[in-house]
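These notes are about the structure you will find just below.
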Amino acid sequence: MKAGEKLQGFGKEVIGDILKARPPRLKIPSRSTSNIRYDEKNRYFVLGDKYGVRSAASMKQVKKFAQTMCVADFCRELIANDKFATLREMYYTAEGWETGPFRDQGESDAIVEDLEATFMLKREDLGLMPEEDGAAVYGELTLKEEGVTIDATKAGRAGYTIPPTIDDVEFLKCKAERVIAVETMGMYHRLVQEEAWKKFDALIVGLKGQAARATRRFLKRVHEELNLPVYLFCDGDPFGFHIAMVVISGSAKLAHINHELAVPDAEFIGVTASDIKNYDLPTDKLRELDIARLKQLQRDPRYNTPFWQSEIKLMLELGKKAEQQAFAKYGLDYVVKEYLPEKLGLKG
Amino acid sequence: MKTLAEELFKEFREYSVSEFFRKNAAMLGYTGKIRSLTTVVHEGVTNAIDAAEEAGILPEITVAIRRVDEDPEHLKVVIEDNASGIPEEFIPHVFGKMLAGTKLHRNMQSRGQQGIGIVGATLFAQMTSGKPTRVVTSAGDGEIVCADVMIDVDKNEGRIMNGKKLKGDWRGTKVELELKEVRYERSRYGPYNYLRMTAIANPHTRITFIEPDGKLTVFERATDSVPERPRPMLPHPWGVTADDLLALAARTKSRTVAGLLISELSRMTKRKVEEVGRLSGVNLKKKPSELTWEDAEKIVSAFKQIKFMAPPTSGLRPIGKEDIEKGLRQMLNPEFVYAVTRQPKVYRGGIPFIVEAGIAYGGGAGRKEGGEEVEAEGLDLIRFANRAPLVFDQGGCAITLAAKSIDWRRYGVDIATAPLTLFVNVVSAYVPYTSAGKQSIADEPEVFKEIREAIMDVARELRRYLYRKIRARERQQRAKIFEKYLPIIARKAASLAGVQVPDIEPLLKKVAGVEDEGRKNGP
C-alpha cells in the first residue's frame, strides 16, 4: 500500500472512533533499545513486538496525538502535491499549526519516526527528507533522475551526488562489478584520482563518515538490483569499524526500516588491526574512549563473529589505531597499487 | 524557760488562703505582664458568660481596656455583662473571698469552679495599683448598686468601701479593675486573641472589645440560642477516694452509710449496696458520722470490684458540632469547616468527659503572627476546656501533644504552611488541668487518646475535602486540554480521510470527565 493510502486509512480510523465516541488510539512500535533485537537470520536489526499506545483520551498524550495528526496531514499534502520538505522545514511550518510550535526539532523528528514505524514507511515515502545529501559516487553507472540522464563518470571530479530522494532514481546502465565504499572523502578523491574505478571496475562511494540514509539506500539498491558486491574501507579504529557495521547490519535507531537499508553481505576489508601490524602503518595510541568503545563492540551481537572478535582483541593488544590515509607512508598510490588489489583478491 | 520547740513555734500562725495566693500569684496565672492582663480578662469574661447562661440570657459582653495615665503599663480593665446581677450582700464574697461560691460541690461542668478566679483578679489589681475593684450591678429592678471592693488579706474577706445605690434602668454587672505591671499587646497571648477564641467557642455570645487605642471590635454571635445549662451529676463510685467518701459523710443528710451511698453517688442501687456490704465487710447500717477511714478504704476497694454502669454524662454540655462549625465560620470565614463532638468517655475510672474538635481551612484560618491581613503561616491550634480558651502553657498540654502526634502529611496538609485552624474543646466536670492556672490539660492516657481520635476525625474530613478540590481542579484542566486538542484531531483526521469533520461533542463529553487513560494503565 502506498503512503498516501495508509495515511487516509489512518484518518478514517480516527473518524470512525470519533463517531462512535470512542477515544482514538495509535499503536506505535517501541523503538527503545529493549525492543530492538538482532535478527540472526537476516543479519540486521529489527523491531520487537512491543508498542506504546498514544491515546486521545489521555490528558498527557492528547496534545501529542493532535501533533501527530498535524504531521500526518502535512505529509498527506506533500504526497498529494508531489513535493518534498526537509524535517527542518516541517519544524518551522509547525509554528503556524493550531497545536503551536514544537519545543525543538527533536520533538517533531520523533513524531515523523513514530509515523514511519507505525505505518512501516520511510520518511522519504512521507515526502520528508533529511537536510544532508547522501554522499558521492564515481564510476561507470548511468542513472536517470527527474528525467535527466547522468553518467557518474561525467558528473565532475566530485562525482554524482546521491540525493535524499534516491528511491526515485532509476539505474539505466552499469559496467562496474563491485562497489568500494570509503569512510573519508580524502580517500574517495585519492581513489578517483588514481582511477581506481577503472582499475577495479568499481563504483567508488564516499560515505562522509557515518553513512546517511540515502547513501545506505543507494548501497542497498546497487547490491540488490545490480548484484554488485559491496566492500567497505574505513579507518582502523572502533568508529571506523562501526561505520562499516551500520552499513552492514543497520542501526538500532532505524530498526523499523532496516530491511530497506541494511546490506548484510557487505564486506569490511580494512583497515583491520592485522593491517596495522602487517603493513606496519603509522599509528596513534588508543584513547580511553576508543578502548571503552572497543569493549562495547566486543559484547555487541553484530560483532559476534570470529573475524571481528579476533580483530578487536588484537587492536586492544596493540593499543594502537590507524587512519585509512596512513598508507600514504608508502606513497600516494600505494592503496591502489598494493593494498586494495590484495584485499579484493585482484592481485596478479 | 521555753523549750526549743516552743521557741521555734513562736512564729507559727494561720495564713489565710488569700495571703497564700498573694504570695503565689503565679499559680493563678499572674506571671508576666501580658499574661497577667489576659488572666484578668479571662476571669472577668468567664464569670460574665457563666452568669448570663445561669440566668438563661444570651450573653452580651463588653470588654474595654483603657490607659489610666502616661504609664503604658498602668491600665484599667472594664468588663460588663447583661446577666441578672449580684445581690448586694454577696458582692464582698464574690469579689473578696477565696474558695467561696456555688460551684465546687456541684460536680457540674462550668468554666469557673473553685471560687478563686475573680477574687484573684481583684487581689492582683489591689496588689499592683493599690486600688479597689469597682463593682456596679443591678438585677434590672431600677436599683443599681455601686461598690468598691478591697480584700482583707489576713481575714480572707472582702470589704466594701463607698457603697452607694443609684436609680436606673439597667441590668447586669460591670467590674472595673485598675492594674499596673501589665502590658497590652495584640499578640497570640493578649486579650484580643483570647476574646476571639472565646467567641469561636461561644457562638451564642456577643463580645464587644475596645482596645487602649480606642479601636472597637465586635465579635458577633453566630447563633441565638442559649446553651442548655449543665446539670449537677453525682460522682461515680469508681471516681471517689476514701477522703471523698468521708467528706460526703460529713455533709450528707442520710442516716445510714447505705443511704449515703445511694443518695450521694451515681449508679448505686440497693443491690449494688448489698454487694458493697458483702465485699467490704463494713456495716453499712451505721451512721455516716461513725464511718472511719478504714471503712472508707474498704468501701472504695469494694467499688473497684463491682461492675457499674458507666458514669452519667447528662450533666456534660458540649458546644456541639453545629455550633462549633458556626463559630469557626463566623470568625474565620474559611472555605472548609468540619467539627465533631465525640461520645462521652471516662478517665481515671469514673470521671466522664467529652472531646470536641473542629477544623477550618482557608479564608482567615491558620496562624497569623503578623496580624489578620497576612498570609497564613501554618497550623493554628486553639485549645479550650469547657469552652474557655487555653492560651498559655501549650507545650505540655495533652491537646498540643495529641495534635503533634499526628502525621499530617497523611491528611494532605503541610502544617508549616497550610491555612489551617484546629479547634479542640475538652468538656468535663473535672478537667484534668496541670495546675491551678488552668491553661493546660494533663496528659491522662484516656483523654489524650480521645483528643487524638477527635482530631483524626476532622482531619479525615479535611483530607476528603482537599482531595475533592484537587480532583475538581484537575477535571477543569482536563476539560480545557481536551476542548483544545480534540477538535484539531477531528479536523485533521477529516482532512486525511477526505470526509466531513465529525461532531466531537459526544467524545468530548465522555473523555473530559473520565479517568485519565494514561494513568489507569500506569503504575
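The values are calculated or read from the model by the stated rules, or taken from the named source; none is laboratory data. Owing to the predicted nature of the structure, the values given are computational and were not obtained by experimental measurement. Every residue, glycine as well, gets a Cβ built from its backbone with ideal geometry; the counts of neighbours run over all protein chains shown.
Below is a table of values for the structure above.
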| item | result |
| --- | --- |
| Unmet requirement for B:Ala436, which otherwise passes all of (1) within 13 Å of chain A (Cβ to nearest Cβ); (2) surrounded by 15 or more Cβ atoms within 10 Å (Cβ to Cβ); (3) at pLDDT below 90 | (1) |
| Filter pass, A:Lys50 being at negative phi, free of Cβ contacts under 8 Å to residues at least 40 places away in the same chain and surrounded by fewer than 20 Cβ atoms within 10 Å (Cβ to Cβ) | yes |
| Filter result (farther than 25 Å from A:Glu177 by Cβ and touching a Gly at 6+ places or on another chain (Cβ under 6 Å)) within the range A:213-265 | A:Asn258 |
| Lone qualifier among B:Asp154, B:Asp148 - being out of contact with any Cys (no Cβ under 8 Å at 6 or more places or on another chain) and without any contact (Cβ under 8 Å) to a residue 24 or more places away in the chain | B:Asp148 |
| Candidate set from the range B:23-40 (those that are part of a helix (DSSP H, G or I) and either in contact with a Ser or Thr (Cβ under 9 Å, 6 or more places away or on another chain) or not assigned by TED's automatic domain parsing to the domain that holds B:Thr205 (or both)); member that is nearest to B:Met127 (Cα to Cα) | B:Ala25 |
| Leading residue by the ranking (farthest from B:Pro59 (Cα to Cα)) among those in the range B:221-268 that are in a helix (DSSP H, G or I) and charged (D, E, K, R) | B:Asp243 |
| Some residue of the range B:100-112 being touching a Pro at 6+ places or on another chain (Cβ under 6 Å) and either buried (at least 24 other Cβ atoms within 10 Å of the Cβ) or at pLDDT 90 or above (or both) | yes |
| All positions within the range B:464-494 that are surrounded by fewer than 15 Cβ atoms within 10 Å (Cβ to Cβ), more than 14 Å from chain A (Cβ to nearest Cβ) and basic (Lys, Arg) | B:Arg464, B:Arg468 |
| Flag for A:Glu183 being more than 30 Å from A:Lys320 (Cα to Cα) and not assigned by TED's automatic domain parsing to the domain that holds A:Ala110 | no |
| Looking only at the range B:495-509, and only at residues there that are outside any loop (DSSP other than H, G, I, E, B) and loosely packed, with under 15 Cβ neighbours inside 10 Å, the one that is nearest to the other protein chains (Cβ to nearest Cβ) | B:Pro506 |
| Any hit, the range B:445-454, residues being at pLDDT 90 or above, part of a helix (DSSP H, G or I) and within 22 Å of B:Glu335 (Cβ to Cβ) | yes |
| Residues satisfying the stated conditions in the range A:80-108, i.e. buried (at least 17 other Cβ atoms within 10 Å of the Cβ), within 14 Å of chain B (Cβ to nearest Cβ) and assigned to a helix (DSSP H, G or I) | A:Ala94 |
| Selected residue (criterion: surrounded by the fewest Cβ atoms within 10 Å (Cβ to Cβ)) from residues of the range B:185-216 that are small (Gly, Ala, Ser) and at pLDDT 90 or above | B:Gly214 |
| Entirely in the range A:135-191, the strands (runs of 3 or more DSSP E) that have 1 or more residues that are of a type in the set (D, E, K, R) | A:141-145, A:148-151, A:170-174, A:178-182 |
| Close pairs from the range A:208-224: first hydroxyl-bearing (Ser, Thr, Tyr), partner crowded, with 21+ Cβ neighbours inside 10 Å and part of a helix (DSSP H, G or I), Cβ under 9 Å, at least 6 apart | A:Thr215/A:Ile166; A:Thr215/A:Val247 |
| Unmet requirement for A:Glu146, which otherwise passes all of (1) surrounded by fewer than 18 Cβ atoms within 10 Å (Cβ to Cβ); (2) under 24 Å from A:Gly11 (Cβ atoms); (3) without any contact (Cβ under 8 Å) to a residue 40 or more places away in the chain; (4) touching a helix residue (DSSP H, G or I) at 6+ places or on another chain (Cβ under 8 Å) | (2) |
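Yes/no matrix, rows are residues, columns are (1) in the same structural domain as B:Asn333 (by TED's automatic domain parsing); (2) farther than 25 Å from B:Ala385 by Cβ; (3) in a loop (DSSP other than H, G, I, E, B):
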| residue | (1), (2), (3) |
| --- | --- |
| B:Glu176 | no, yes, no |
| B:Val182 | no, no, yes |
| B:Asn193 | no, no, no |
| B:Ala199 | no, no, no |
| B:His204 | no, no, yes |
| B:Ile207 | no, no, no |
